[in-house]
Amino acid sequence: MKNNQLDNFESLIKSSLEKQRAVYDSSDWDKLNKKLDQVNKPFYSSPWFIAASVAAVLGTVYLLSTFNTLTEPTPLVITPQEYEIPEIGEKEKEEVVAIPLTEEEHNEIKEVFINAEKEINNKKETNRKEEIKKSFSETIASDNKEVKSRNSEDTTISEENGFTPLDDGMSAEENFVTEEVVTIQKASFHMNTIECCEGATIDFVAERQSSVDYLWSFDDGNYSKNENPSHLFTNPGSYKVSLIVRSKIDNSVMTRSNDQLLIVHAKPNVDFEWEMNEGNGIPYTSLINLADKGTSWSWNFGDGSISNEKTQITLIETKVSTCYINSNK
Amino acid sequence: MKLEQSELEKIVDGCKAKNRFYQQKIYELLYDKMLPVCYRYSRSTDEAKDMLQDGFIKVFEKIEQYNTGGSFEGWVRRIIVNTAIDAYRKNKKEVFIDDESRIKDDSDWQDIENEAEYAELSINDIVEAMQSLSPAYQAVFNLYVMEGYTHQEIADELEINIGTSKSNLAKAKANMKTMLTDKLNRL
């Protein structure tokens with residue numbers, strides 16, 4: 001327990017509320033005292049019990065007198081009213097470790113996003129149709145045309161790059177309906193890879209536009225306000241990087257996050273063994289790759305020759321002086 | 001609760017024997033910390049006090065199960081929180097909102113820019129803001145932030161799914177921020 005990673009706001013609220021103390025009010029105890037009297041009364045003195053008992057006796061008498069063939073009356077089970085008490089024993093013992101996000105959680109969020117996107121796309125489609133109708137029946141002022149061309153540009157971008165629009169569905173709709181001037185044209189970004197090793201620095205590039213501020217969340221608790229930040233990922237995991245673009249004009253906000261999570265792999269261990277052998281009178285050396293977690297290999301034998309083999313490598317050399325192994329991932 | 005271990009044991013033993021004098025002692029000792037816990041899960045002082053009473057009735061009934069090793073205050077707090085969750089479940093008429101796409105969340109900006117300003121707010125302002133949250137938001141926010149429940153645990157306790165817990169936390173925070181910003185502007 002108490003292992004959630006809280007953001008600044010949450011921590012602030014928590015530390016403030018933890019300090020709150022109430023001033024003791026003795027009349028509250030008097031009330032509780034009375035309640036306790038009621039709770040602690042033996043159950044057979046409860047009016048409900050008496051009523052139920054009377055009903056049971058009368059019922060039995062009635063049943064017996066009506067159906068003589070009935071050998072046994074139906075037994076009535078009467079239980080006093082109980083308080084529901086939550087099980088707390090288990091929770092006390094359980095220690096919860098804060099983990100970034102499980103795959104299941106990610107998928108769940110992703111699903112929510114996908115549904116939202118579908119809804120947004122449906123809305124856009126409806127809007128587009130309406131717009132076509134409109135364009136036939138109305139003469140459109142040149143100002144409005146500009147707004148629309150910007151909107152259609154935005155749609156193309158979000159479909160092409162596959163980023164999940166988070167909250168522009170509503171604003172796009174509003175733009176069509178009210179024809180306000182769009183202050184943010186796009187919240188879109190590129191990153192140079194979607195897979196890397198821990199300790200790698202990833203470059204992010206936001207689509208440039210005027211009069212906006214950028215805020216990046218790297219999903220590891222770090223933020224950047226640069227347009228094109230580089231961020232060092234120090235822990236393995238999958239990260240949902242988001243970019244928030246805020247208009248300097250009207251403070252409206254647009255958000256994008258990478259649809260495909262950025263996977264940061266754990267650093268592989270690099271190691272190998274070598275053996276000296278002889279075959280047909282020719283001595284050779286076998287190199288055995290012991291690296292784990294790698295996805296590509298690059299051997300440099302120190303004599304100008306290289307290899308990308310993963311497993312065993314045979315060198316027909318009499319002497320191996322130096323060896324380096326690098327691993328990309 | 002500043003109390004010698006031996007004193008506490010004596011009081012707990014007294015409570016186990018259902019001695020009303022020791023029950024009152026416990027109540028007096030923990031009142032100042034436990035009533036604020038109830039404030040956070042309720043919308044008025046009266047509601048909070050009722051919750052506290054129900055919680056203490058459970059404490060006295062379950063006290064047999066408390067073993068002296070663990071933190072007594074923590075144990076009581078857990079029971080009080082469970083009482084709050086039960087109360088929430090019983091009154092649950094409200095539907096948790098599941099639609100994440102509608103959050104126009106510029107909260108990250110405020111995290112960075114307004115953190116210092118929030119610090120000037122009084123505890124009462126924060127409690128007031130908390131009490132004006134809907135019960136669903138209160139429950140999720142408190143369990144996550146104050147009690148350290150994971151989203152999975154919240155989902156289990158409140159019988160909702162994880163995504164709902166997350167989006168409700170986000171919205172609870174957004175609402176809190178709006179309310180607190182308003183309060184700040186009026187200072």
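Here are some notes:
- Judged by the ratio a/c of the largest to the smallest principal axis of the C-alpha gyration tensor, the stretch A:189-265 counts as prolate, that ratio being 1.5 or greater while a/b is larger than b/c.
- Links that overshoot a 20 Å alpha carbon limit, given the list A:Lys14/B:Lys173; B:Lys10/B:Lys62; A:Lys19/B:Lys58: A:Lys19/B:Lys58
- Amide N proximity, the stretch A:224-242 versus A:Gln209 label position 7 Å along Cα-to-Cβ, cut-off under 16 Å: A:227-228
- Applying 0.36 nm per residue to the separation of A:Tyr24 and A:Asp271 and subtracting their alpha-carbon distance, the gain on full extension is 82.2 nm.
- Here the label points at A:Leu232 and B:Asn161, each 7 Å from Cα along the C-beta direction, are separated by 4.0 nm in the simple model.
- Residue exposure sequence - B:Met179, B:Met130 - by fewest surrounding Cβ within 10 Å: B:Met179, B:Met130
- Legend: ranking of residues A:His265, A:His231 from fewest to most surrounding C-beta atoms inside 10 Å; resulting order A:His265, A:His231.
- Ranked for footprinting exposure by Cβ neighbours inside 10 Å, fewest first, B:Phe56, B:Phe21 give B:Phe21, B:Phe56.
- Per-residue mean of foreign Cβ neighbours for B:148-161 is 3 (Cβ atoms of other chains, 10 Å radius).
- Spin-label model, B:Glu28 to B:Asn124: label points 7 Å out along the Cα-to-beta-carbon direction sit 2.7 nm apart.
- Each residue of the stretch B:45-57 is assigned a 3J(HN,Hα), and the resulting list reads 5, 4, 4, 5, 5, 4, 4, 5, 5, 4, x, 5, 4 Hz, derived from the Karplus form 6.51 cos²θ - 1.76 cosθ + 1.60 (θ = phi - 60°), x at Gly and Pro.
FYI, it's all coordinate maths here, none of it is from the lab. Note that the structure is a prediction, hence the values are computed from the model and not measured. When we count neighbours, we look across all protein chains shown, and the Cβ atoms used for this are built from the backbone with ideal geometry, even at glycine.
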